[in-house]
Amino acid sequence: MNVLVTGGAGYIGSHAVKYLQEKAGHQVVVVDNLSRGHRRAVKGEAILIVHELADWKHVARVMTNNQIECVMHFAAKAYVGESVERPLDYYSNNTADAVALLRAMDQAGVRKFVFSSTCATYGEPSDEHIPIGETCPQRPISPYGRSKLFVEQILRDYAASCGDFQYAMLRYFNVAGSDPNGEIGEDHDPETHLIPIILQAAAGLRPHIEIFGTDYATPDGTCVRDYVHVEDLIDAHMVAMEALTTDHPLVYNLGIGKGYSVREIIESARRVTGKAITIKEGPRRPGDPPRLFANPAKIKSDLGWQAKHTDIDDIVRTAWTWIQNHPHGYNGE
Ligand code: UDP
C-alpha cells in the first residue's frame, strides 16, 4: 500500500516509517515540518516532504501524486505541561491541522486513516475504571488531551457525513523503547519522558533523576504507568490498517495491561545499565494522575494484537541501546 505518514521524522512516526517498509513492504511518503522531528530519523526509501499540514491543498497534491491509499497521522505536540502553558499551539497543531489533513484526504479521495490518540483523553479515571478500557468516560484534564479528543469527535462527524471513510483511533499509553538495533530512537528537546531521562542519568549526561512525587496512593508512593514498546505500538497500527472497515471505527487502547511505578523503572534501569543512578525526590508534577494502565483485551480479541515486549527490562534495554549509540541524539551523528 502507499502510506502517507505525518510526523514521520518524530520518535513514534519514524518507527512507523521503518516498519511499514521493512515488515510489510509498504511505500511510504512522510510529511513533517521538522519542528520537532529529525531528517535523519526517516529511514529506508521513504520520501520526506518538509511541509506544514495546514497547507492542505499542497498536502492533497502530495497524496494524489503519490497515489496514497492510507494516512497514519502522528504529527502532533505531546507535552501535557506545555499544553497548559500554550493551549493555542496545541489546538492549532493537533486539532486544526488534523482538520486540514482531513480536507486534503477529502480532496484527494484518500479513505483510510489511522489516528494517534492518547490515554490523556481519559483524564483521571476513577478506580472502578482501572485498568482502563475503551468505554472509560473521556474527560481530559489538559489542553493536550482535549486537542486529541476533539479530533476523535471530528472524525466521527466526518465519517458519518461520507459513509465510505475507514478509520482507527488508537489511544496510546506510555510509548517507550526503540528499534532494537539502536538505529532510531527517542530524541526530544527538551526531554521530559521518564525512561530517557533515567537513562541519560545512567549515562552521565545528567546528574540525577528527580522523582515527581513520592506520596501518591500507590504501593511505593510513585506514579504507575503502562509502558508499551514502540515496535509493538507500530505493529498494532499495521494490524489496524489491514482491518479498517466502513462499518465502524476501530477504537483501541494500546498498552501492555500492566503498570510500573517510577521507582520500578529506575530499578529496571539500574539492572539493565549496571550503573549507579542518583535519585532526587521532588514534589508532584501538576496534572499527573497516580495510576494509568490499559485493559488491552479489546484489540486482542478483535484483531489478535498483544504486546510482545512485556518485560520492562527488555523495553528499557532497547532504549539504552539507542542512548549508547546516540548519546547526543541525531545531531551527534
Ligand atoms: N517522571 C518523573 N521524573 C521525570 C519525568 C517523569 O518522576 O523526570 C514521572 C512522571 O511524573 C510520571 C511518569 O514519570 O508519573 C511518566 O512520565 P512521562 O513524562 O514519561 O509520561 P506521561 O505519563 O506524563 O505521559
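Taking only C-alpha pairs under 8 Å that are 6+ residues apart, what is the relative contact order of region 159-225 in percent? Could the numbers behind the result be given before it?
Values: 34 pairs, mean separation 10.7, N = 67.
Relative contact order, region 159-225: 16 percent.
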Review point. Rounded to the nearest 0.05, what FRET efficiency is calculated for V50 and D189 with R0 set to 22 Å and r the Cβ-Cβ distance?
Key: 0.80
Study note, to complete from the structure: Within region 112-126, the residues whose backbone N lies under 17 Å from a label point placed 7 Å from the Cα of R284 along the Cα-to-Cβ direction are 123-126
Review point. Among residues other than G255 whose Cβ falls under 11 Å from its Cβ, what is the net charge (Lys/Arg +1, Asp/Glu -1)?
Key: +1
Check your understanding: Could you list, bin by bin from short to long, the percent of Cα-Cα pairs of the chain in 10 Å steps?
Key -> 6, 26, 37, 24, 7, 1
Check your understanding: In angstroms, what radius of gyration and Dmax does region 3-85 have, counting Cα atoms only?
Key -> 12.7, 41
Review point. Cα centroid distance between region 206-278 and region 150-201, in Å?
Key: 12 Å
Exercise for review: Over every pair of different alpha-carbon atoms in region 1-141, take the mean of 1/r and invert it; report that Kirkwood radius in Å.
Suggested key: 15.9 Å
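Excluding A294 itself, calculate the net charge of residues whose Cβ lies under 14 Å from the Cβ of A294, where each Lys or Arg counts +1 and each Asp or Glu counts -1.
Working: positive: R171, R225, K258, R291, K298, K300; negative: E134, D226, D232.
Local charge sum for A294: +3.
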Exercise for review: Towards the positive end of the charge dipole of the chain, with charges on Cβ (+1 Lys, Arg; -1 Asp, Glu), say which of I154, Q166, L101 has the farthest Cα.
Suggested key: L101
Review point. For the residue pair H208 and D313, what label-to-label distance in nm results when each label sits 7 Å from Cα along the Cα-to-beta-carbon direction?
Key: 2.7 nm
Practice item. Mind pulling the angle between the C-alpha long axis of helix 230-243 and the longest principal axis of the chain? Nearest 10 degrees, somewhere in 0 to 90. Key: 30 degrees
Check your understanding: Taking 0.36 nm per intervening residue step and subtracting the Cα-Cα distance, what contour gain separates D220 from A24 on full extension?
Key -> 66.3 nm
Exercise for review: Can you spot the aspartates and glutamates whose alpha carbon is less than 17 Å from K18's alpha carbon? Ignore those fewer than 8 places along the same chain.
Suggested key: D32, E45, D179, E183, E186, D187, E231, D232, D235
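So what's the net charge close to A78: Lys and Arg +1, Asp and Glu -1, counting the other residues with Cβ under 10 Å from its Cβ?
Values: positive: R36, K77, K148; negative: E82.
Summing Lys and Arg as +1 and Asp and Glu as -1 gives +2.
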Check your understanding: Applying 1/(1 + (r/R0)^6) with R0 = 41 Å to the Cβ-Cβ distance of R270 and Q107, what FRET efficiency is obtained, to the nearest 0.05?
Key -> 0.20
Study note, to complete from the structure: If every Lys and Arg gets +1 and every Asp and Glu gets -1 at its Cβ, then about the Cα centre the chain yields a dipole, in debye to the nearest 20, of 200 debye
Point to revise | Cα→Cβ-extended label distance, 7 Å offset, between N331 and N181, nm | key: 2.7 nm
Check your understanding: Helix 97-108: angle to the longest alpha-carbon principal axis of the chain, degrees 0 to 90, nearest 10?
Key -> 30 degrees
**Study point:** Computed [θ] at 222 nm, helices only, for the chain once each DSSP H run of length n ≥ 4 contributes -39500 (n - 2.57)
**Key:** -11000 deg cm²/dmol
**Study point:** Listed residue (H51, G7, G37) projecting farthest to the positive dipole end of region 1-61, Cβ model
**Key:** G37
Practice item. Quick one: angle between helix 262-273 and the longest Cα principal axis of the chain, in degrees between 0 and 90, rounded to 10, please. Key: 80 degrees
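Counting only heavy atoms of protein chains, what accessible area per residue, in Å², does the chain have with a probe of 1.4 Å? All intermediate terms of the calculation are to be shown ahead of the outcome.
On the way: 14010 Å² over 333 residues.
Per residue, the chain has an accessible area of 42 Å².
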Review point. Tell me, what % of the accessible area of the chain is carbon and sulfur with a 1.4 angstrom probe?
Key: 47 percent
Check your understanding: At a probe size of 1.4 Å, how large is the accessible area of K280, to the nearest 10 Å²?
Key -> 110 Å²
Check your understanding: Can you give the extra length, in nm with one decimal, that the chain gains between V99 and H248 once fully stretched, where that is 0.36 nm per residue apart less the Cα-Cα distance?
Key -> 51.7 nm
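Over region 45-164, what is the relative contact order in whole percent, taking alpha-carbon pairs under 8 Å and six or more residues apart? List each step's numbers first, then the result.
Values: 133 pairs, mean separation 36.8, N = 120.
Relative contact order, region 45-164: 31 percent.
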Practice item. Could you order F212, F173, F293 so the one with the most accessible surface comes first? Probe is 1.4 Å. Key: F212, F293, F173
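Defining a contact as two alpha carbons under 8 Å apart and six or more residues distant in sequence, what relative contact order in percent does the chain show?
Details: 686 pairs, mean separation 60.7, N = 333.
Across the chain, relative contact order equals 18 percent.
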**Study point:** By accessible area with a 1.4 Å probe, ligands and nucleic acids excluded, highest first: order of I234, I141
**Key:** I141, I234
**Study point:** Antiparallel bridges, percent of DSSP beta bridges restricted to region 174-333 (to nearest 5)
**Key:** 20 percent
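The values are calculated or read from the model by the stated rules, or taken from the named source; none is laboratory data. Since this is a predicted model, take the numbers as computed values, not measurements. Cβ coordinates were reconstructed from backbone atoms using ideal geometry, including for glycine residues, and neighbour counts include every protein chain displayed. In case anyone asks, the SASA skips ligands and DNA or RNA and just uses the protein heavy atoms, side chains included. Shrake-Rupley method; radii C 1.70, N 1.55, O 1.52, S 1.80 Å.
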